[in-house]
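In what follows, a single structure is set out as structure tokens and then discussed.
The values are calculated or read from the model by the stated rules, or taken from the named source; none is laboratory data. Predicted model, so just to flag it, every value in this text is computed and none were measured. We place every Cβ from the backbone using ideal geometry, glycine too, and count neighbours over all the protein chains shown. These area figures cover heavy atoms from the full protein model, side chains too; ligands, DNA and RNA do not enter into them. Shrake-Rupley method; radii C 1.70, N 1.55, O 1.52, S 1.80 Å.
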Amino acid sequence: MTSARRGPTDQLPFGSITDVDGINVGHFQRVGRGWQTGTTVVIAAGGATPGVDVRGGGPGTRETDALDPQNLVRKIHGICLSGGSAFGLAASYGLMSWLEERGLGFPIGRSAGIQPVVPVVPGAVIFDLGRGGNGANRPDADFGSKAARNARSAQTKWGSVGAGTGANAAGLKGGVGTASMTVRLAGQPSGLATGSDIEVTIGALAVANSNGSVIDPVKGLPWQPSGLHLRRPPADERRLLAAALMDPTPLGLGVNESLNTTIGVVATSAQIDKAEASKMASVAHDGMARAVRPAHLMTDGDTVFGLATGVHPLPSQVRHQALNLILAAAADTFAAACTHAVLAAKTIGPHTAYRDLCPSVYRS
């Protein structure tokens, strides 16, 4: 992973999922006048091999069956993550329309010389209803299309943006986090000279809206600091943190604040199949469980998607060893992305960010 930058930042102390060749990310959100929600899209315009693993007891998802290895679709071009609970799944239609306009999707024959497509857009949502004051304000198709138009390979906005705008992580402000790392694979893939090495990138994006905490309440530091140089906060800051972690319902709106979830995407530049992409998503859940404690409860909708852009073939002679390195990196990057989500989040209304409760953590 890249070296950490000091100070509370929206930037990329851990790298970014967009470090994976072919992956772009876009956000759109609304805050104020009863709004606090948004949508994040992950786009692979060149197509990517998909996978998924759903672990939470209360998921809100779409098109996950299409990602089963035994089913037809082999490539997809986008994933939609959104606030709004089940209502927020509507944001996926905006991403579908954006992809269709560009001819990206599953081909369904020809019409008047044009190749029609049906974009397969898997999605997952977090529960953030009412956190802006009006539970009827939630993402629709317009959020998905605007997030798609904002998609770039060089995103610099993280934390309280996109699908993480209304996120709440065990009483602290949640958000969108990201991370990446590179692993070097030695071997002899087809077309390469003997002894040639391959550098494969693995990246993750997480929307932390968890019942469990990303912060150790005793030490006042993230469970998974991931190489960050953070100071333990003093006793007065730890007391404020403990109070926030014990009382995660500052709204008084009568909504069930335990209906939380962590969702995200783990991507790689490696050439792997659907079963292996789903295995990568499965192992990424291990990273979630390291960073968020507890995870995968009955009221969580914890879901991780996998994407493989296929830029780098794996060495055939040591394929399993190479795949193991990728899987281990998937867990590491997803854990770091969960941590980054909470560290990069900003206070919005009554939802206080970790950076404001424990500012001493960031001082050199």
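Return the equivalent ellipsoid semi-axes of the chain as a descending list in whole Å, where each equals the square root of 5 times an eigenvalue of the C-alpha gyration tensor. Please report the intermediate quantities before stating the final value.
Numbers: eigenvalues 208, 128, 51 Å².
Rounded to whole Å, the semi-axes are 32, 25, 16.
Dividing the summed -39500 (n - 2.57) terms of all DSSP H runs of n ≥ 4 by the residue count of the chain sets its mean residue ellipticity at 222 nm at -7000 deg cm²/dmol. Among the trypsin sites (Lys or Arg not before Pro) in the stretch 301-364, those located in a DSSP loop and surrounded by at most 15 other Cβ atoms within 10 Å of their own Cβ are R363. Using a cut-off of 31 Å between Cα atoms, the listed pairs K173/K274; K219/K346; K146/K219 include K173/K274; K146/K219 as exceeding that distance. Just to be sure I understand: with springs between alpha-carbon atoms less than 10 Å apart, which residue in R290, R110, R231 has the highest mean-square fluctuation in the Gaussian network model of the chain? Checking each option, the largest mean-square fluctuation is seen for R110.
Largest GNM mean-square fluctuation across A179, A336, A242, computed for the chain with C-alpha springs under 10 Å, falls on A242. Carbon-plus-sulfur accessible fraction, the chain (probe radius 1.4 Å, protein heavy atoms only): 51%.
For the stretch 20-86, the set of trypsin sites (Lys or Arg not before Pro) satisfying both a DSSP loop assignment and a count of at most 11 other C-beta atoms within 10 Å is given as R33.
Relative contact order, percent, of the chain when contacts are C-alpha pairs under 8 Å separated by at least 6 residues? Provide the component values of the computation, followed by the final result.
Values: 1103 pairs, mean separation 91.3, N = 364.
Rounded, it is 25 percent for the chain.
Globularity index of the stretch 71-133 is 1.37 (Cα radius of gyration / 2.2 N^0.38 Å, N = number of residues). Springs join every pair of Cα atoms under 10 Å in this Gaussian network model of the chain, and among P217, P119, P234 the largest mean-square fluctuation is at P234. Across the stretch 210-216, computed HN-Hα scalar couplings (Karplus, 6.51 cos²θ - 1.76 cosθ + 1.60, θ = phi - 60°) run 9, 5, x, 9, 7, 10, 5 Hz from first to last residue, x flagging Gly and Pro.
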